[in-house]
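Below you'll find the structure, written out as structure tokens, and then a few comments.
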Amino acid sequence: MSDAPSPDDDPERRAFAAHCASWLAAHTPEPPPFALPATPLEVQTEQQLEWLRAWQRACWQAELVGCDVPREYGGHGRRGLQATATRALAARGAPFLVNLVALQMACPTILAHGSDAQKRRFVPGCLSADEIWCQGFSEPNAGSDLANVQARATLRDGVWRVDGHKVWTTLARFADWMILLARTEPDAQKHAGLTYFLCPIKGQRGVTVRPLVKLTGELGFNEVLFDDVELADELRLDERGRGWQVAMTTLLHERGAADSAGGGLAVPAAQLDALVALARRVERGGRPAIEDPWVRDRIVSLMITARGLAANAERAREPALCDHPLRLPLQAKVLTTEWAQALAHLGMELQGAAGALSAADPSAGDGGAWPRAYLGSYGMTIAAGTSEIQRNILAERVLELPRHR
Ligand SMILES: Cc1cc2nc3c(=O)[nH]c(=O)nc-3n(C[C@H](O)[C@H](O)[C@H](O)COP(=O)(O)OP(=O)(O)OC[C@H]3O[C@@H](n4cnc5c(N)ncnc54)[C@H](O)[C@@H]3O)c2cc1C
């Protein structure tokens, strides 16, 4: 056994955890009089957005967001403490941070690849949620095969002009800015022909955002069309032709491989609590479902996986315990999303026939939350790279098995 102190023995971290817990106890708001979306992927109205924006701003002002980010870029300059704040937010069951794409993707990518001017201009708005971001990577023929991006940016008289079609763009309807991957060198080998931009969306001439309806009946993602959109060269991130390398930084953070400004992947303990509460409330064979051995067995199995995921998240923070940088993050992405799916499925089953009713049906139990969570869970096993793709990467790059083609 190592004698190295565990993170919780660190006095600064302990004091900060206490600050987070006491601030959250005093300031976590009561739910608003209107329904909130389950995740940032389902924000549907300005009213929801503004309520959630105010919450993120309050968390940032209280130093629970942007802990690891240097002060000159709007952060709090307290390196290594974001994970503590993220855990405190999850433990409190606090509302989520709405500027998800900014915190998890744009901000860490700008910090890694941006100029000083770009960091000063964009990072503070990511943290405070003053500027909402979306991610323009996927296209109708570029999803798993991201390097096939066809949106084109052409440099004419020092100004880029963008044409193309992005799809599945979460939050685009509300977004001020987009992290945009576009093809700038059409004759280069496909990974080498891409460049990464920070592109204004709201009110930008030539940009059309069209909402898409999801399986759950909610709006969430969108398609975004670019028609001769002008983009200043100062909005290029990193060098021309290095878009693939920059996008890999984004994906590493999106898949939880590093604690980003808003924190890495947190196991959603609140969902497990809600499931246990449901199992206590509903009956199976004339008795509370929680007393049924089959139900108990499935709940315990979900709890064991949740404990394993939490332990892996701790382990991922100790470099000496990580043999390959992708192993734990990719495992966590696959297991957390599939765990959430199994949990929502059990919740739906426990509701019996009522579990088939949609959120719009007044007799749906819990406002239709379980079937909505179950249908929505499929999106999470697809977003940020499908489970099949994560398994391919784990097999080929981590386990070094032969390539599939
Ligand atoms: C909820 C949600 C939010 C999203 N938000 C955004 C966003 O904000 N911005 C953005 O840019 N994108 C977003 N996406 C898009 C997401 O990144 C893509 O859907 C994803 O990368 C898969 O691409 P695709 O949909 O084109 O499917 P495809 O790549 O066409 O895949 C179809 C099927 O084939 C399988 N498959 C493909 N290639 C292989 C292979 N080599 N081996 C094994 N199986 C394979 C896949 O696993 C999948 O089951 C979002 C998606 C969802 C569901």
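Details
- When the Gaussian network model of the chain links Cα atoms closer than 10 Å, the mean-square fluctuations of Ser144, Ser363, Ser128 top out at Ser363.
- Test item: Cα-centred dipole of the stretch 269-398, Lys/Arg +1 and Asp/Glu -1 on Cβ, debye: 160 debye
- Farthest positive-ward along the stretch 269-398 dipole, Cα basis, beta-carbon charges - from Val295, Tyr378, Gln390: Gln390
- Straight-line reach from Lys333: taking Cα to Cα under 26 Å and skipping same-chain neighbours fewer than 8 places apart, the lysines in range are Lys166, Lys214.
- Cysteines in the chain that lack a partner Cβ within the 4.7 Å cut-off: Cys20, Cys59, Cys67, Cys134, Cys199, Cys322.
- Under a Gaussian network description of the chain, with springs only between Cα atoms under 10 Å, the residue in Val123, Val295, Val98 that fluctuates furthest is Val295.
- In sequence order, calculated HN-Hα J values of the stretch 117-132 (Karplus, 6.51, -1.76, 1.60; Hz; x Gly/Pro): 4, 5, 5, 5, 6, 9, 5, x, x, 5, 6, 7, 6, 5, 10, 8
- Pair-distance profile P(r), taking every C-alpha pair of the stretch 269-398, with 5 angstrom steps and integer %: 2, 10, 17, 18, 18, 13, 10, 7, 4, 2, 0
- FRET efficiency for the Asp176 to Arg391 pair, using the beta carbon distance and R₀ = 30 Å, is estimated at 0.25.
- Helix-only CD estimate at 222 nm, as mean residue ellipticity for the chain, using -39500 (n - 2.57) per DSSP H run (n ≥ 4): -12500 deg cm²/dmol
- Karplus-derived 3J(HN,Hα), 6.51/-1.76/1.60, for each residue of the stretch 90-101, Hz, glycine and proline x: 5, 5, 7, x, 5, x, 6, 8, 6, 7, 4, 5
- Taking the Cα atoms of the chain, the ratio Rg/Rh between the radius of gyration and the Kirkwood radius comes to 0.97.
- For Glu283, distant residues with modelled amide H under 5 Å away: Ala289
- On a per residue basis, the convex hull of the C-alpha atoms belonging to the stretch 187-253 measures out at 146 Å³.
- Our coupling estimate for the stretch 237-243, obtained by passing each phi through the Karplus curve with A = 6.51, B = -1.76, C = 1.60 and θ = phi - 60°, is 9, 6, 7, 4, x, 9, x Hz, Gly and Pro reported as x.
- Amide proton proximity set for Met178, modelled H, under 5 Å, gap of 5+: Cys134, Cys199, Ile201
- For Ala172, distant residues with modelled amide H under 5 Å away: Asn222
- Radius ratio Rg over Rh of the stretch 161-296, counting only Cα atoms, Kirkwood formula for Rh: 1.19
Values quoted throughout were computed directly from the atomic coordinates according to the rules given, and no laboratory measurement underlies them. Note that the structure is predicted; figures quoted are calculated from it, not measured. Heads up, the Cβs are rebuilt from the backbone with ideal geometry, glycines too, and the neighbour counts pull from every protein chain shown.
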